[in-house]
1. Suppose R0 equals 41 Å; then what is the FRET efficiency for residue 247 and residue 152 from their Cβ-Cβ distance, rounded to the nearest 0.05?
2. Pick out, from 161, 232, 202, the residue whose Cα sits farthest towards the positive end of the charge dipole of the range 150-269, with +1 on the Cβ of Lys and Arg and -1 on the Cβ of Asp and Glu.
3. Round to the nearest 0.05 the FRET efficiency obtained for residue 65 and residue 7 when R0 = 30 Å and r is the Cβ-Cβ distance.
4. Which length gain, in nm to one decimal place, applies between residue 36 and residue 118 when the Cα-Cα distance is subtracted from 0.36 nm times their residue separation?
5. Multiply the residue gap between residue 259 and residue 231 by 0.36 nm, knock off their C-alpha separation, and tell me the result in nm, one decimal place.
6. For the range 182-246 and the range 286-303, what is the separation of their Cα centres, given in Å?
7. How would 11, 19 rank on accessible area, largest to smallest, probe 1.4 Å?
8. May I ask you to give the solvent-accessible area per residue for the range 21-76, in square angstrom, as obtained with a 1.4 angstrom probe?
Amino acid sequence: MSAVPSDRPTCSIVIPAHCEADGLRHAIDTVAGILTRQSVSFELVLIDDGSADGTWEVITQACNNLPFIRAARLTRRFGKEAAMRAGLQLSRGRAVIVMDADLQHPPALIPEMLRLWETGGFDVVAGVKLPQGDSAQSSGVMRRLFFTLNSKLTGVDLREASDFKLLDRRVVDAYLALPERNLFFRGMIAWSGYKTATLPFTPDERQHGKTQWSFRHLTKLALTSITSFSSIPLHLITSLGIAFIIAALLLGGQTLYNKLSGNAVSGFTTVILLLLMIGSVIMLALGVIGEYLARIYEEVKRRPLFFIQETLPKEQESENSRLSPPARREDTPS
Ligand code: UDP
Ligand code: MG
């Protein structure tokens, strides 16, 4: 086996895992088997995103038995985006492949990804979900709604995009150097514009456990992706304001005319309806502004995206210390 710890491996596989105790070992063995057959040097970077089941125990055991595993356990659940980032920070490969722990991203495509990267000269090989195979229909309607809204607002079509990607080292470095806190991996890689090959795949059924994405997590992800890529909602508020001014002028003119000609409508119905409508629109507009303000607030605080509880293997502590949030050049007074 050509798995390496000595120098930079050819390929790192980053796998974020939240409550994946049931299937993780199988995933590790499958991926490792494929890479071993490819005869490339590789490492598996496993990130335990605050799992409440035995995921970390599975990782620890695998790490004791297999030389190519490196792992970090986050102090709590920080979310898949943060876990992927932790994995990218820990990875050392000349190419890095990010994939799910549930084998919905077919590991059989890894050789083709490596081929496109090595001989095709692509910096990014992006796995693209074939629509008919999407098995995540449980949250299907909401998912479709989010991604449709997202692609309309941001111009980046993420419906078929997935986090299953191979990235060249320079893309990884560019991604890690981004100063933003609100990161959306799929969107950011698409936005970065590096030479990309696409590789269609049909997501397999989830083999073990169940998806941990709740409605709240999906909403947060959708809001992050919209607010970090588009200011259209803010412009929509302006358009809405203009539409309301025009309506106000027309309605005002009509009301004045009625009043002067002695036909004024009596009763509160119109007043109440107008108040309710205008009130709702103002609240909605404030909400949209609030979302952007919240993002700015989060960016300004510059909190780290995650904390590490422990890393494996133990003797690589010094190497792993670079996982701590990077010292930021801008923090030093110039
Ligand atoms: N995941 C994670 N943190 C989370 C939610 C998910 O690290 O908060 C991981 C999960 O363990 C899996 C991958 O992200 O490896 C994709 O999650 P899942 O299969 O639940 O999502 P879906 O396939 O529905 O996109
Ligand atoms: Mg899945």
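1. 0.95
2. The residue sitting farthest along the positive end of the dipole is 232.
3. Given R0 = 30 Å and the Cβ-Cβ separation, E is 0.85.
4. Working: separation 82, 0.36 × 82 = 29.52 nm, distance 1.70 nm.
Roughly 27.8 nm would be gained on extension.
5. Going from the current span to full extension adds 5.9 nm.
6. About 17 Å separates the Cα centre of the range 182-246 from the one of the range 286-303.
7. From most accessible down to least: 19, 11.
8. Spelled out: the 1.4 Å probe surface of the range 21-76, per residue, equals 37 Å².
The values are calculated or read from the model by the stated rules, or taken from the named source; none is laboratory data. Predicted model only: the values in this text are computed from it and were never measured. Backbone-built Cβ (ideal geometry, glycine too); neighbour counts: all protein chains shown. For the accessible areas, the whole protein counts, side chains as well, though only heavy atoms, and no ligand, DNA or RNA atoms are used. Shrake-Rupley method; radii C 1.70, N 1.55, O 1.52, S 1.80 Å.
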